[in-house]
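Step one of this worksheet: look at the structure below.
The values are calculated or read from the model by the stated rules, or taken from the named source; none is laboratory data. All values derive from a computational prediction rather than experimental measurement. Note: ideal-geometry Cβ built from the backbone for every residue, glycine included; neighbour counts use all protein chains shown. These accessible areas exclude ligands, DNA and RNA; they are computed on the full protein's heavy atoms, side chains included. Shrake-Rupley method; radii C 1.70, N 1.55, O 1.52, S 1.80 Å.
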Amino acid sequence: MKINFKIILVSLCFASCKQVQNLSDKFTKPSGKQVIERNYKDDDAFLEKYEVVYEQAKNNNLELALPNVIYTKSDSLDLSILSYKVFLEKGERLRIETNIKTDSLQFAVDVYSFLNDTLISKRPIVSNEANLNHLNFEVFKTGYYKIVMFPESNKKVDFNIGIYTEPVFLFPVAGKGNKDIQSYWGAVRSGGKRKHEGIDIFAKRGTPVIASVDGFIATAKNSGLGGKQIWLKSGIFGKTLYYAHLDSIKTRSGKYVKVGDTLGFVGNTGNAKGASPHLHFGIYNSSGAINPLAFVKKSDLPNSREEKVFKNGITKLAKNELRIGSGVKYKKIETFTENTPITILGKIDNWFHVQYADHVEGFMHESLIEENI
C-alpha cells in the first residue's frame, strides 16, 4: 500500500496550526467578528464584499424597539448583516441571545456608541467573545447605540435573536414591581422648594425591603426626613443605595449583605408619617443623587416561537411602504410598486426586514410581500 506522506504532512500541519490558534485564542480572547473574518482572509473578493456590506449595515438608519425577537438565517452563498439603532439607559443591562450553539455556527455582535446625532464610533465599545453566541453589556451612559450582528456564512441555518434589557439591580421590595412605583424622580416636594431624588414604592406595612446588590451597610439609623433608614454601599468605588421610611430595621452598620437579604420592612417613618406605607429608594454616586428607575425597573422578556423566513420576496400591491422600524409609527422611507423584487434579511413580529438593490433597507409589513419562487 502506497502512503501519501505529503497528505499526511499537510494534515498534521493543519491540525498543529489549529491547536496553536485555539491556544492563542484562550489568551487573546478574539471577538466573534474576528473569528468569522479569518474565514474570509484567503478570499479577497468576498472579504471586500463583506467589508462593504458591514459598513452599509452599520450606517443604515433602521430603529429597533426593545424587547424584540428577530427571525433570520445564515446563508452559505451570501451575507446577512443586521444592524439597528436602539435607545438604552444607564442602569440597564443589554442582553442579546441566540438559539444556536457555537459548535454549529459562530455568531458575531458589535455594539457601537453614537458620538453625536448621526456619527457612530469607529470601533465597537463591546463585542461578544468567540465561542459565545450571546452578549451582556451594562450600559454606562444613557443614549442611542448601534447593534451590528451577523452569523458566519458557511452553512444554511434558521435561527432567532432575542434582544432585551434587564435592570442591573434587584427590585428593592419583595414581591413588588413596576406598577407599585407611584412617585418618580423629579416630582415636586415641599411646595416646589425641592425635587424628589428617588422613587417611592408602595406596599403593605411590614413588606420585606431587600438588598438590591451585594455590599456593606454604611449606615442603619433612625434620623431626619428619612426616618428609619439604611445606606447600602456596593463596593469601594460603587454606588450607595438609600432605603428610607422603614417601619423597622433588620440589619446593622458594618454588616456585609448579599442580594435578596432582608434589610428591614416597609413603613412610613420620618417625614412620611401619616402617608401610606412605602419605601423611598434612592441611588447616589460621587456626583450626588441619580435617577434609580432604570436600575430596578423590571423588563419584559421577548417571547420566541418557531419560525422560518424565506430569502427572496416580491411586493404584492400597487403601493408598498418601506419604514425605518417594524410598525406604522415609524417614518416612511419610500414606496415600492407592485412586483418589486426584494431580499428578506429577517422578520420581527409581522414585519419583514428587507433589502432592495443591495443597499436600500427597511421594514415592510408581511401583508405586502409574498415569496418569490
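Taking the stretch 228-244 as the range and being more than 20 Å from residue 287 (Cβ to Cβ) and either open to solvent by 30 Å² or more (accessible area, probe 1.4 Å) or of a type in the set (Phe, Trp, Tyr) (or both) as the test, the residues that pass are 228, 243.
With respect to residue 253, is the statement that it is farther than 20 Å from residue 292 by Cα and open to solvent by less than 60 Å² (accessible area, probe 1.4 Å) true?
Spelling it out, it is not the case that residue 253 is farther than 20 Å from residue 292 by Cα and open to solvent by less than 60 Å² (accessible area, probe 1.4 Å).
Here residue 225 passes the criteria (1) at positive phi; (2) of a type outside the set (S, T, N, Q); (3) open to solvent by 60 Å² or more (accessible area, probe 1.4 Å) except the one numbered (1).
Checking the stretch 135-158 against the condition returns a match, with at least one residue being within 19 Å of residue 300 (Cα to Cα), among the acidic types (Asp, Glu) and in contact (Cβ under 8 Å) with a residue 24 or more places away in the chain. Just to be sure before I move on: is residue 193 at pLDDT below 95, open to solvent by 50 Å² or more (accessible area, probe 1.4 Å) and under 30 Å from residue 289 (Cβ atoms) in the structure I sent? For residue 193, the condition - at pLDDT below 95, open to solvent by 50 Å² or more (accessible area, probe 1.4 Å) and under 30 Å from residue 289 (Cβ atoms) - is met. Please determine, by comparing only the residues of the stretch 73-89 that are in a strand (DSSP E or B) and modelled with pLDDT of 95 or more, which one is farthest from residue 353 (Cα to Cα). Per the criteria, the residue is 88. Would you mind listing the strands (runs of 3 or more DSSP E) fully within the stretch 263-357 where at least 3 residues are among the hydrophobic types (A, V, I, L, M, F, W, C) and within 29 Å of the chain's Cα centre (by Cα)? Counting at least 3 such residues, we get 278-285, 341-348, 351-356.
Just one of the listed residues (54, 112) is among the hydroxyl-bearing types (Ser, Thr, Tyr), open to solvent by less than 40 Å² (accessible area, probe 1.4 Å), under 13 Å from the mean Cα position of the chain (by Cα) and modelled with pLDDT of 95 or more, namely 112. A search for C-beta distances below 7 Å between a residue of the stretch 82-109 that is touching a residue at least 24 places away in the same chain (Cβ under 8 Å) and open to solvent by less than 10 Å² (accessible area, probe 1.4 Å) and any residue that is part of a strand (DSSP E or B) and of a type in the set (Lys, Arg), counting only pairs 6+ apart in sequence or on different chains, returns 83/146.
Which is among the charged types (D, E, K, R), within 30 Å of residue 137 (Cβ to Cβ) and open to solvent by 20 Å² or more (accessible area, probe 1.4 Å), of 180, 247, 214, 200?
214
For first residues located in the stretch 60-75 and touching a residue at least 24 places away in the same chain (Cβ under 8 Å) and surrounded by fewer than 18 Cβ atoms within 10 Å (Cβ to Cβ), partners that are among the β-branched types (Val, Ile, Thr) and part of a loop (DSSP other than H, G, I, E, B) and lie 6+ apart or on another chain with Cβ distances below 6 Å form the pairs 61/324.
Residue-by-condition table, conditions (1) open to solvent by less than 80 Å² (accessible area, probe 1.4 Å); (2) in contact (Cβ under 8 Å) with a residue 60 or more places away in the chain; (3) among the polar types (S, T, N, Q):
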residue: 282; (1), (2), (3): yes, yes, no
residue: 285; (1), (2), (3): yes, no, yes
residue: 289; (1), (2), (3): yes, yes, no
residue: 292; (1), (2), (3): yes, yes, no
residue: 298; (1), (2), (3): no, yes, no
residue: 311; (1), (2), (3): yes, yes, no
residue: 315; (1), (2), (3): yes, no, yes
residue: 319; (1), (2), (3): no, no, no
